[in-house]
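Have a look at the structure below, then the notes.
The values are calculated or read from the model by the stated rules, or taken from the named source; none is laboratory data. All values reported here derive from a predicted model rather than from experimental measurement. Because the Cβ atoms are built from the backbone with ideal geometry, glycine has one as well, and the counts that use them run over all protein chains shown.
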Amino acid sequence: MSRFAEPVFVAAGRRTPFGRGGGALAAYDTVSLSVPVVQAMAEHAEPDLVVWGTVIPNLGWSNIAREVWLDAKLNPNVPAFSVVLACSTSMTATFAAAGMLGGGTDLALVGGGEVMSRPSLALTPEASKRLTDLFAKDPAAALAALQALTPRDYVLPTKGWANRITGRTMGDHMEETAKAWSISREAQDDWALKSHQRAVAGWNAGFFDDLVIPLTELKRDANPRSDTSAERLAALKPAFDRDSGFGTLTAGNSSPITDGAAACWVANAVGVAKLPSDTPYVRLVDYEVSAVDLHNEGLLMAPSYGIPRLLARHGLSYPDIALWEIHEAFAAQVLANVAAITDRDWVRTKAGVDQDMGQFDWDRVNPNGGSVAIGHPFGATGARDLSQAVKELWAQPVGSRAIVSICADGGQGTVALLERV
């Protein structure tokens, strides 16, 4: 059984190398960094639709999807629209495109980007109103007032991109969740080390070669470290809870500030036939978008609702999943969500699924590393995760299944069920 009347497929796409914040890609903005990705995709096929997203607002863009496409100097007759769902943005773009296939729309290019090195500055509502009123009455006085603005008149980027509702960062929230689920510092560092080791091994084995387009400034992901170790990770100080003596999240077991852009394809059977014959693709069977009470259940815990619901809808349990691609906002977030979905009471009372979901196999999770090592440019992560999962699942036997899971700020999350065909 599928969500869709006709089969929908996701095909692996391309992405930039992911750069460290303030590093090799910091001179780009999100539009200019996205352009080479859509150009590389369009070399293989022209889409009927473009869906693109970014998370950090920029008042200079009204529809980043259309602006990226036109800046890429591609066919202006291809429509494009933008989406945003925090860290799940480009996965949500996939779901949106999947629902629009048919009627001559057979192939969609979806993705997103983020240059976290260059967040835009904005004026406070008070300063904005003052200047707007002045411009209407006396433009010369308004220009003079612009020169007199002080730092108090600006809305400066909040460290960690704090949630507007709670006033706390994702790291602050995740510290609380890690304590609630007794996720140890050692377990977090161990998962972070695995993420780096697997990402480095994936690069060395050539896994990423056809997924990443080299840029002049950067040829491969800047964040995976071949020299990291358990000892080095253990030496890092807490990054969020610095005062209690019980903080466990560090710069080493958290995803870093990252610049990057990524894309993948969404298609029906007609659209898949337009792609090169060696393009990895799998079937998008179904998806789940979930939300939790961010005040009481954990800001990044929505996947623990979505995963069991999605699997139960198809009569599946954890052993039926050959591959798990779980976004690593923090190592603790992966560990806490898996702890939740393997807690029978949580699954029954929170997710509303009253069945034995079976044994969870950690060896099937993120075989080529995740966001802790590779990086997490908010708008790009969904497409990066999906392309990576598609290529990994493509190497498995027909009928194999994968779960791709992404948590999102605001207490939301998205989960996709894929099948090798």
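Quick notes
- Every condition in (1) part of a helix (DSSP H, G or I); (2) without any contact (Cβ under 8 Å) to a residue 24 or more places away in the chain; (3) of a type outside the set (S, T, N, Q) holds for Asp189 except the one numbered (2).
- Verdict on Asn368 being in a helix (DSSP H, G or I) and not β-branched (Val, Ile, Thr): no
- Only helices (runs of 4 or more DSSP H) whose full extent lies in segment 45-148 are considered here, and the ones with at least 2 residues that are surrounded by fewer than 20 Cβ atoms within 10 Å (Cβ to Cβ) and of a type in the set (Gly, Ala, Ser) are 125-137, 139-147.
- Here Val200 meets the list (1) assigned to a loop (DSSP other than H, G, I, E, B); (2) touching a residue at least 12 places away in the same chain (Cβ under 8 Å); (3) not small (Gly, Ala, Ser) almost entirely, failing just condition (1).
- Residue within segment 324-339 that is closer than 23 Å to Gln388 by Cα and of a type in the set (D, E, K, R) present: yes
Residue-wise test of (1) more than 20 Å from the chain's Cα centre (by Cα); (2) at negative phi; (3) surrounded by 16 or more Cβ atoms within 10 Å (Cβ to Cβ).
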residue: His196; (1), (2), (3): no, yes, yes
residue: Ala199; (1), (2), (3): no, yes, yes
residue: Gly202; (1), (2), (3): no, yes, yes
residue: Gly206; (1), (2), (3): yes, no, no
residue: Leu211; (1), (2), (3): no, yes, yes
residue: Leu218; (1), (2), (3): yes, yes, yes
residue: Pro224; (1), (2), (3): no, yes, yes
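- Taken together, Thr166, Thr177 contain a single residue that is assigned to a loop (DSSP other than H, G, I, E, B), in contact with a helix residue (DSSP H, G or I) (Cβ under 8 Å, 6 or more places away or on another chain) and polar (S, T, N, Q), which is Thr166.
- Test result for Arg15, within 19 Å of the chain's Cα centre (by Cα) and under 20 Å from Ala80 (Cα atoms): yes
- Of the residues Val289, Val270, Val285, the single one that is surrounded by fewer than 23 Cβ atoms within 10 Å (Cβ to Cβ), closer than 21 Å to Ser371 by Cβ and at pLDDT 95 or above is Val289.
- Odd one out for Gly315 among (1) on the phi > 0 side of the Ramachandran plot; (2) surrounded by 18 or more Cβ atoms within 10 Å (Cβ to Cβ); (3) over 21 Å from the mean Cα position of the chain (by Cα): (2)
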